[in-house]
Ligand code: ATP
Ligand code: MG
């Protein structure tokens, strides 16, 4: 017998949490659709290389978090740990370069083998969007504005800050890398074992280390901004100017780097003080080299993704189901009419709970439990006269209503 429980770090989502997550996704979709984004659904698993080659071979995701498996045909496949690589893969394989810009959004499960804790799961849901084909700062501004609007719409505006930084173009990154390596070599003995290895393979990754011994060293590391060339500085200034113009509050965070290899220029996170250690609810950046690295043309891109569970956790108001109308038949000869009335009410847009069994008392208790605001009670004698009883479950008031007027009365 299999164990009757979920795998560690995975959860059944239902009830209030499911409703909250749906609201997060609905709010996000409505906002990004106003900006012209269209939904895309890519497969939940891809060839392992799609992630392994493009997220960076020293990133946390690739080194220790991917769920890889070989299928029966011997292909190495991976459950997607994030959305961008799959969307860019689709952009290339579907030939979408023909008609730029391309604006896509997605929502769905992601899989990472992490140490589970509050706000950190092994299967979690991301909503994300990608804008491909725009190289100017307008794209950065618009995409950040969109994220901000979305988070505001969720009612979190008071607790959220946009943290932003620039990693610059390739020339700036190379210059920075050199300075950083020189600095880190001076502290080699105090680095964690992982970071000693990163120093060889991908020194920028040390900046993203979560080890305490590395954090102290990183705190005094050279700053990106001192290595940005003129073009990169100008780009960043224009992004900030645009955010100012829109009245979006941000904080330049010199220490913000993103964990994946493909970022350049703008990187940003929306951070809240409400969730303790897992305070980042949305993160993104520009990835101008990714499409060409994956074998497409020189197409710039920028996007973000948010953790839907984490955003749902922030919404502490209890989300109930919409209040239904209870339809209560009394006696067997009224069951068919009850079905008809429930059907009519639903067609007119009302949520309806039919009662299926029990005496009138039991049925009324059920109606109250379902949080119904009105009950349509159908008795045989009334039905013979062409009427039903409608009871207001708040005030207790009740009256007889002709069959034709039920929908009107419920309104
Ligand atoms: P962290 O530094 O917290 O590990 P990350 O850089 O790995 O975050 P991203 O890959 O940028 O996160 O993912 C974007 C968002 O997805 C995060 O800001 C977070 O809200 C959410 N997220 C990431 N990993 C998890 C997880 N294991 N469980 C739940 N949500 C997650
Ligand atoms: Mg992570």
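Any read-out appearing in this document is the output of simple, stated calculations on the displayed coordinates, not a laboratory observation. All of these numbers come straight from a predicted model, not from anything done at the bench. Note: ideal-geometry Cβ built from the backbone for every residue, glycine included; neighbour counts use all protein chains shown.
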Cα shape, region 325-382, gyration tensor, a/c 1.5 rule = oblate
Taking the chain as a Gaussian network, where each spring joins two C-alpha atoms under 10 Å apart, which residue of 345, 131, 191 fluctuates the most?
-> 345
Gaussian network model of the chain, Cα within-10 Å springs - most flexible of 241, 20, 366 | 366
Top mean-square fluctuation among 189, 254, 273, Gaussian network model of the chain, C-alpha springs under 10 Å?
-> 189
By the gyration tensor of its Cα atoms, with a ≥ b ≥ c the square roots of the eigenvalues, what is the shape of region 1-49: rounded for a/c under 1.5, prolate for a/b over b/c, or oblate?
-> oblate
Ordering of 39-48, 59-68 by packing [mean C-beta count within 10 Å, highest first] = 59-68, 39-48
In vacuo Debye sum over C-alpha of the chain, base-10 log of normalised intensity I(q)/I(0) at q = 0.07 Å⁻¹, listed in q order, is -0.47
Gain upon complete extension [residue 333, residue 371; 0.36 nm per residue less C-alpha separation] | 11.0 nm
Between residue 254 and residue 120, what FRET efficiency follows from the Cβ-Cβ distance if R0 is 22 Å, with the result rounded to 0.05?
-> 0.30
Label-point separation, residue 226 to residue 5 (7 Å along Cα→Cβ), nm | 5.2
What is the Cα centroid distance between region 183-256 and region 87-140, reported in whole angstrom?
-> 23
State the dimensionless ratio Rg/Rh of region 37-121 (Rg: radius of gyration of Cα atoms; Rh: Kirkwood radius).
-> 1.00
Using just the helices of the chain, give the 222 nm mean residue ellipticity in deg cm²/dmol: DSSP H runs with n ≥ 4 each add -39,500 (n - 2.57), and the total is spread over all residues, rounded to 500.
-> -10500 deg cm²/dmol
How big is the gap, in Å, between the Cα center of region 35-54 and the Cα center of region 329-357?
-> 45
Helix 335-347: inclination vs the chain longest Cα principal axis, degrees, rounded to 10, gives 40
With the label point 7 Å along the Cα-to-beta-carbon line of residue 234 and a cut-off under 14 Å to each amide N, the hits in region 155-180 are 169
Per its Cα gyration tensor (rounded if a/c is under 1.5, else prolate when a/b beats b/c, else oblate), region 154-296 is best filed as oblate
May I ask for the angle, rounded to the nearest 10°, between helix 137-153 and the longest principal axis of the chain, with both axes built from Cα atoms and the value confined to 0 to 90°?
-> 40
Relative packing of 332-343, 103-114, 304-315, which averages over residues the other C-beta atoms within 10 Å, highest first = 304-315, 103-114, 332-343
Mind giving me the FRET efficiency for residue 321 and residue 395? R0 is 22 Å, r the Cβ-Cβ distance, nearest 0.05 is fine.
-> 0.50
Compute the long axis of helix 84-93 from its Cα atoms, compare it with the longest principal axis of the Cα atoms of the chain, and write down the angle in degrees, 0 to 90, nearest 10.
-> 90
